[in-house]
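What follows is one structure encoded as structure tokens, with my remarks underneath.
The values are calculated or read from the model by the stated rules, or taken from the named source; none is laboratory data. Owing to the predicted nature of the structure, the values given are computational and were not obtained by experimental measurement. We place every Cβ from the backbone using ideal geometry, glycine too, and count neighbours over all the protein chains shown.
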Amino acid sequence: MAAEEVTISSHIQHHLTNAKMCMTDSGLAFNKACADSGFWTWNIDTLAWSIGLGLIFLWIFRSAAKKAHTGVPGKFQCFIEMIVEFVGDNVRDTYHGKSKLIAPLALTIFVWVFLMNLMDLIPVDFLPAFAGFVGEQAFGMDSHDVYMKIVPTTDINLTAALALGVFILMIGYSIKIKGVGGFIKELTLHPFSSNSKVAMIFLIPCNLLLETIALVSKPFSLALRLFGNLYAGELIFILIGAVGLMQLPLHFVWAVFHILVIVLQAFVFMMLTIVYLSMASSDNH
């Protein structure tokens, strides 16, 4: 893209476009060549940043576990223990079943989603411009043909994948606690019921429709809530970056406010996961 063709609209679109990789008839292709490649297109920036941040999470907590001791804890150990205790308290207050998986899962979700959200505070032009420079110098590419989205949670594919994992756990816990028959009964015999068998035959399709919608809407709400909030926040950062020197105080004000969004969205995703798994594990009916 020539310099004179760059507009605010194209600048925003460039920042909100993932680096893509796909297989075509002519072999491995990237970015614009993947426009018609179909479902099997990999957003390699989302994968790289999410996996990298996941490894950072594991390294930080593994380091804290290795250095932990029974004496007076240092600042690093105290900080990690505060996070673990905070997540543990929420799990104990919210999850009413018995599972050793829930607390580690909640901790992983909270910290991992927080780290991915935290990338939103890095100046929007810094890493994409660096990626464009590397692409231009090392591979002879036009810098405007190099894409780099550094906030994984602004990619609906990532948030949907996280929500899908939670959804699979919900189904698994429901079947584990209630059995296949109990899970089917939960979908077909509630919320409407009747002592008449004939009436129940007519009510079962209604119950199945309502319960299926309620079940499927949970992962959709998880995915769209996280994606929508972070995508909107990133878009505002990009718009602020287009106003020139005035962007510095505006960036600071929005970044301070956005810190609350970053933490809150990680907390909400964790809490809803715990609530949904607690509901799936309950055997009240």
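Structure data summary
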{"quantity": "Residue satisfying condition, being of a type outside the set (A, V, I, L, M, F, W, C), free of Cβ contacts under 8 Å to residues at least 40 places away in the same chain, within 29 Å of residue 258 (Cβ to Cβ) and outside any loop (DSSP other than H, G, I, E, B), within set 54, 88", "calculated": "88"}
{"quantity": "Residues of segment 91-121 that turn out to be loosely packed, with under 14 Cβ neighbours inside 10 Å and either touching a helix residue (DSSP H, G or I) at 6+ places or on another chain (Cβ under 7 Å) or in a loop (DSSP other than H, G, I, E, B) (or both), as a count", "calculated": "4"}
{"quantity": "Filter result for the condition that a residue is crowded, with 18+ Cβ neighbours inside 10 Å and of a type in the set (A, V, I, L, M, F, W, C), over 199, 163", "calculated": "163"}
{"quantity": "Qualifying residue in segment 238-259 (condition: surrounded by 12 or more Cβ atoms within 10 Å (Cβ to Cβ), touching a Phe, Trp or Tyr at 6+ places or on another chain (Cβ under 8 Å), β-branched (Val, Ile, Thr) and in a helix (DSSP H, G or I))", "calculated": "yes"}
{"quantity": "Checklist (1) surrounded by fewer than 16 Cβ atoms within 10 Å (Cβ to Cβ); (2) at pLDDT 80 or above applied to residue 1, failing item", "calculated": "(2)"}
{"quantity": "Residue match in segment 70-77 (condition: surrounded by fewer than 16 Cβ atoms within 10 Å (Cβ to Cβ) and hydroxyl-bearing (Ser, Thr, Tyr))", "calculated": "yes"}
{"quantity": "Top-ranked residue in segment 172-228 [being among the hydroxyl-bearing types (Ser, Thr, Tyr) and more than 25 Å from the chain's Cα centre (by Cα); ranked as modelled with the highest pLDDT]", "calculated": "188"}
{"quantity": "Failed item in (1) assigned to a helix (DSSP H, G or I); (2) over 28 Å from the mean Cα position of the chain (by Cα), with residue 233 passing the rest", "calculated": "(2)"}
{"quantity": "Members of segment 132-160 that are surrounded by 14 or more Cβ atoms within 10 Å (Cβ to Cβ), over 30 Å from residue 273 (Cα atoms) and touching a residue at least 40 places away in the same chain (Cβ under 8 Å)", "calculated": "144, 145, 146, 147"}
{"quantity": "Answer from 180, 166, 198 - the residue that is assigned to a helix (DSSP H, G or I), over 21 Å from residue 281 (Cα atoms) and hydrophobic (A, V, I, L, M, F, W, C)", "calculated": "198"}
{"quantity": "Check on residue 127, farther than 30 Å from residue 252 by Cβ and either surrounded by fewer than 18 Cβ atoms within 10 Å (Cβ to Cβ) or not β-branched (Val, Ile, Thr) (or both)", "calculated": "no"}
{"quantity": "Residues of segment 99-126 that turn out to be within 14 Å of residue 158 (Cα to Cα) and among the β-branched types (Val, Ile, Thr), as a count", "calculated": "2"}
{"quantity": "Contacts under 7 angstrom Cβ, first residue in segment 171-190 being closer than 18 Å to residue 98 by Cβ, partner modelled with pLDDT under 90 and aromatic (Phe, Trp, Tyr), 6 or more apart", "calculated": "174/183; 175/183"}
